[in-house]
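**Student:** Before anything else, here's the structure in question.
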Amino acid sequence: MPSALAFRYARALAGAAPPAEVPGVIEGLAAFQTMLAGSQELRHALQSPAVAPARKRAVISRMAEALSLSGVVRRFLLVLIDHRRTDWLGEIREAFEAVMDDRQGLVRVDVVSARELSAEQRGVLLAELSRVTGRQARAQFSIREELIGGVLARVGSTVFDGSVRGQLETLKQRLTGAET
């Protein structure tokens, strides 16, 4: 979950990005993040206080040109450089996506299942989550075999535990009288 600081930067970026450019902004941030992750020297240079801000800005400008980043992304990266926040880029990108989803009436859901869900099962699950939340659900699916069966869905800080493992834990607590 992104921090309050990441959301502050994400909201500022969302205010600067025209709605038509949002997909390109997300792609541009992801491309820059990938490039940054792939080069320890680049990360060190951008985070080091020994490197002059003007040099950092020049590096960002060249990279933005090489990656064909939009002006909005380029200017945002320069803000991150000026405030020494490049190490927050991944968290800010995630927060930006969450802000944009919220503005579009979408809710992000993390769904974990014991096995791969069929397209029909995914559709039914998404329809039910949309009904429960009152917003269109956009899900990220993953697999965790230790759930034994069923699914676990996280919407923000709310967890819907329909896993066999969760049901067994609940049964165990009832039988032993243990409180959580």
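Each value in this text was obtained by applying a stated rule to the coordinates, not by laboratory testing. On a predicted model such as this, the values are computed, not experimentally measured, just so you know. As a convention, Cβ positions derive from the backbone with ideal geometry for all residues, glycine included, and neighbour counts pool all protein chains shown.
**Student:** Taking 0.36 nm per intervening residue step and subtracting the Cα-Cα distance, what contour gain separates A127 from D82 on full extension?
**Tutor:** 11.8 nm
**Student:** In the stretch 1-45, whose amide N lies under 14 Å from the spot 7 Å out along Cα-to-Cβ of S157? List them in ranges.
**Tutor:** Correct set: 1-4.
**Student:** Short version: ³J(HN,Hα) in whole Hz for each residue of the stretch 160-165, in order, from phi by Karplus 6.51 cos²θ - 1.76 cosθ + 1.60 (θ = phi - 60°), x for Gly and Pro, what are they?
**Tutor:** Each residue of the stretch 160-165 in turn: 9, 9, x, 8, 5, 4 Hz.
**Student:** Next up: How far, in degrees from 0 to 90, does helix 119-133 lean away from the longest principal axis of the Cα atoms of the chain, to the nearest 10?
**Tutor:** Relative to the chain, helix 119-133 is tipped by roughly 90 degrees.
**Student:** Give me the number: length gained by fully extending R55 to R75, i.e. 0.36 nm times residue separation minus the C-alpha to C-alpha distance, one decimal in nm.
**Tutor:** Extending this stretch completely gives an extra 5.7 nm.
**Student:** Now, a different point. Sort M63, M1 so the one with the fewest other Cβ atoms within 10 Å of its own Cβ comes first.
**Tutor:** Listing M63, M1 from fewest to most nearby Cβ atoms yields M1, M63.
**Student:** Using +1 at the Cβ of each Lys and Arg and -1 at the Cβ of each Asp and Glu in the stretch 52-119, identify which of S70, S113, A52 lies farthest towards the dipole's positive end.
**Tutor:** The one lying farthest along the dipole's positive direction is A52.
**Student:** So what are the ³J(HN,Hα) numbers for the stretch 70-87, from phi and the Karplus equation (6.51, -1.76, 1.60; θ = phi - 60°), rounded to whole Hz, Gly and Pro as x?
**Tutor:** With the stated coefficients, the stretch 70-87 comes to 5, x, 5, 5, 4, 5, 5, 5, 5, 5, 4, 5, 4, 9, 6, 10, 4, 6 Hz.
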